[in-house]
Amino acid sequence: MLTEILSANVNLSGKQLEQFQKFYELVIAWNEKINLTAITDEKDFAIKHVIDSLSLWDANKFAAVKNLIDVGTGAGFPAIPIKIFQPEIEIVLLDSLNKRINFLREVVSELKLSGVEFLHGRAEDFAHQNNFRERFDLVTARAVARLNVLAEYCLPFVKIGGCFVALKGKNFREEISEAEAAVKILGGGEIICAEKILPEIPDARAVIYIDKKKFTPKKYPRKAGTPAKFPIA
């Protein structure tokens, strides 16, 4: 079921289809031990997790992308699907829950993925470290926070000329409007919105692209918990 849906919607090799099938099986097995996802039906997983994750990929815009950090990666979305789809890209998986990091280590091992780094902790802390601050071509996030908060978590990781990409649901227009001031303060450029329709899913969704134009002021992101409590207005 999963491989048929994916092959009908995305140009994937046999190896990639096998990796996606194995990824699904690992998610389902680990989901009995830790809460990874409420979406467990194979068809829904293919559409709402994998195809949704891959919808952010713009082959022209990202032709020169060499590395990516996925902030609040959770069960590995969108980073693991992107890694399977574009295996040459080096990825960093950042999550605050160590159990999810342990799950992702097994995924990477079982799928024989290389060029993957794991970070256990918060974006507010790692974004101030020289090894990670403004070092990434691409920074992704999905279902982590509203865009004005997410921008403070993510834009500090993006290098000048790089891009922050957020996957958003039906309230994306409202989120874009309330995030405009924060994006400007944090060094982002114009907020570009690409609306997406997933197969058999009527609800409108969007991929938000924000290019990094200027360095993020050193005080951002603020200490852990502050961005969510007091978003930049």
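The values are calculated or read from the model by the stated rules, or taken from the named source; none is laboratory data. Remember, predicted model here, so these are calculated numbers, not experimental data. All Cβ positions, glycine included, derive from the backbone under ideal geometry; neighbour counts span all protein chains shown. These accessible areas exclude ligands, DNA and RNA; they are computed on the full protein's heavy atoms, side chains included. Shrake-Rupley method; radii C 1.70, N 1.55, O 1.52, S 1.80 Å.
Here are the numbers:
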quantity	calculated
Prolate/oblate/rounded call for the stretch 5-143, Cα gyration tensor, a/c under 1.5 rounded	oblate
Nearest-10 value in Å² for the accessible area of HIS120, using the 1.4 Å probe	90 Å²
Amide N proximity, the stretch 62-78 versus GLU110 label position 7 Å along Cα-to-Cβ, cut-off under 17 Å	74-77
Residues of type aspartates and glutamates that LYS214 reaches as a straight line, Cα spacing below 13 Å, ignoring anything fewer than 8 places off in the same chain	GLU134, GLU190
Top positive-direction residue, dipole computed over the chain with Cβ charges, set ILE80, LEU56, ALA151	ALA151
Antiparallel DSSP beta bridges within the chain, as percent of all bridges there, nearest 5	40 percent
Residues of type aspartates and glutamates that LYS184 reaches as a straight line, Cα spacing below 12 Å, ignoring anything fewer than 8 places off in the same chain	GLU152, ASP211
Pairs beyond 32 Å (Cα-Cα), from LYS83/LYS168; LYS170/LYS212; LYS15/LYS212; LYS66/LYS218	LYS15/LYS212
Distance from the stretch 1-23 to the stretch 71-114 (C-alpha centre basis), Å	17 Å
The stretch 176-233 and the stretch 146-165: distance between their alpha carbon centers, rounded to Å	6 Å
The chain, dipole about Cα centre (Lys/Arg Cβ +1, Asp/Glu Cβ -1), debye to the nearest 20	940 debye
The chain: relative contact order in percent, alpha carbon pairs under 8 Å with at least 6 residues between	16 percent
ILE197 paired with GLU4, simple spin-label distance in nm, labels 7 Å along Cα-to-beta-carbon	2.3 nm
